[in-house]
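Here is the structure we will look at.
The values are calculated or read from the model by the stated rules, or taken from the named source; none is laboratory data. The structure presented is a predicted model; accordingly, all values stated were derived computationally and were not measured. Methodologically, a virtual Cβ is constructed for each residue, glycine included, from the backbone with ideal geometry; neighbour enumeration extends over all protein chains shown.
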Amino acid sequence: MAVYTDVAADELAEFLSLYDLGELLSYKGIAEGVENSNFLLHTARGSFILTLYEKRVARGDLPFFLALMTHLATHGITCPQPVTNRNGEALGSLCGRPAAIITFLEGIWPRKPNAIHCAGVGAALAKMHLAGHDFAMSRSNALSVKGWRPLFDLAAARADSVQVGLRDTIARELDYLESGVWPGNLPQGVIHADLFPDNVFFLGNELSGIIDFTFACNDTLAYDVAICLNAWCFEADHSFNVTKARAFLSAYGRERKLSEAEEAALPLLARGAALRFLLTRLVDWLNVPPGALVRPKDPLEYARKLRFHQSVASVRDYGVMANGLVT
């Protein structure tokens, strides 16, 4: 989450007049994240999140995200629900941006995830993958392999200003992943594609909900697993925590067992996931809009993760033996 577009009180009041949410009591911008403009609203009817969709989000994709949240909730996944206006519409317009209001979830995201958190998110991710099986809508992943070269082109000229040699590092990895090695025959379905700790809420050690589906799409399910390995299983000193990875993968496997082919592909998928976030973070790092209330994330974190995954030989290096047996 972030704030790129400032919203004046009178503009917000006019927008809220279309809803049955009661009087606006207060609102404030949410500075975390990097993609859209988000505000916490307090009204006479309770607390809500207002999102103005920016940057990489196409308006035509928004019905997919909103419908997916409704679908997942009906299948037992705790996630925010779109709030419709008096015309029954979940999507509106505010300050020239597509805008939606969603329900507020209780909980906090873990700043220092432990193995219990990792197990919770592993189980929740698998349940989400199963729940999305019969979702009728589909959306391609614009940030999969075919989308990485255009991102690199945006950042290549200035990449070495972030770290000397970064341009060549990315170019070599991109050439490799584009060479035909990327797996295309693994189980597919709806993935979250951005299930970082700040998108998962806990109450104590109990997972209380999943948020922010603005990257959700149809893609390889194990790629979502790889994204989470990167997001949840490294320490602040950039070391890989096998205990956390074992907890995450074992909990996932109890709900949805990975096939042998998925397990074999996991190191390669983790490399791709690391490159994807390295590229998007690099583009954001080099192009922060003036005056934006946003904290760009360090792209070099993912350069280090990429180097680790390049050294991984098999799923055993993630703490799990073949067929999901814990080492």
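Please indicate, with yes or no, whether at least one residue in the range 65-76 is outside any strand (DSSP E or B), touching a residue at least 24 places away in the same chain (Cβ under 8 Å) and of a type in the set (S, T, Y). The answer is no; no qualifying residue exists. Counting only residues that are within 18 Å of the chain's Cα centre (by Cα) and polar (S, T, N, Q), the range 229-288 holds 2 of them. Taking the listed residues R158, R111, the one that is outside any strand (DSSP E or B) and either among the acidic types (D, E) or within 20 Å of the chain's Cα centre (by Cα) (or both) is R111, with no other qualifying.
If you take the residues in the range 285-315 that are of a type in the set (D, E, K, R) and either closer than 18 Å to N230 by Cβ or surrounded by 14 or more Cβ atoms within 10 Å (Cβ to Cβ) (or both), which one is modelled with the lowest pLDDT? Only one residue tops the list, namely K297.
Condition check for E260 on (1) within 21 Å of L166 (Cα to Cα); (2) in contact (Cβ under 8 Å) with a residue 24 or more places away in the chain; (3) not hydrophobic (A, V, I, L, M, F, W, C): one failure, at (1).
Being part of a loop (DSSP other than H, G, I, E, B), in the same structural domain as D212 (by TED's automatic domain parsing) and acidic (D, E) is a property that D194 has. Can you confirm whether the range 57-66 contains a residue that is surrounded by 15 or more Cβ atoms within 10 Å (Cβ to Cβ), of a type in the set (K, R) and modelled with pLDDT under 90? No: zero hits.
Of everything in the range 198-214 that is aromatic (F, W, Y) and surrounded by fewer than 23 Cβ atoms within 10 Å (Cβ to Cβ), the residue that is farthest from the chain's Cα centre (by Cα) is F202. The set of residues in the range 111-130 that are out of contact with any Asp or Glu (no Cβ under 9 Å at 6 or more places or on another chain) and buried (at least 20 other Cβ atoms within 10 Å of the Cβ) comprises P113, H117, C118, A119, V121.
Of all residues assigned to the range 149-169, none qualifies as being closer than 23 Å to F65 by Cα and surrounded by fewer than 19 Cβ atoms within 10 Å (Cβ to Cβ). Note on the range 114-143: residues that are within 18 Å of the chain's Cα centre (by Cα) and assigned to a loop (DSSP other than H, G, I, E, B) amount to 5.
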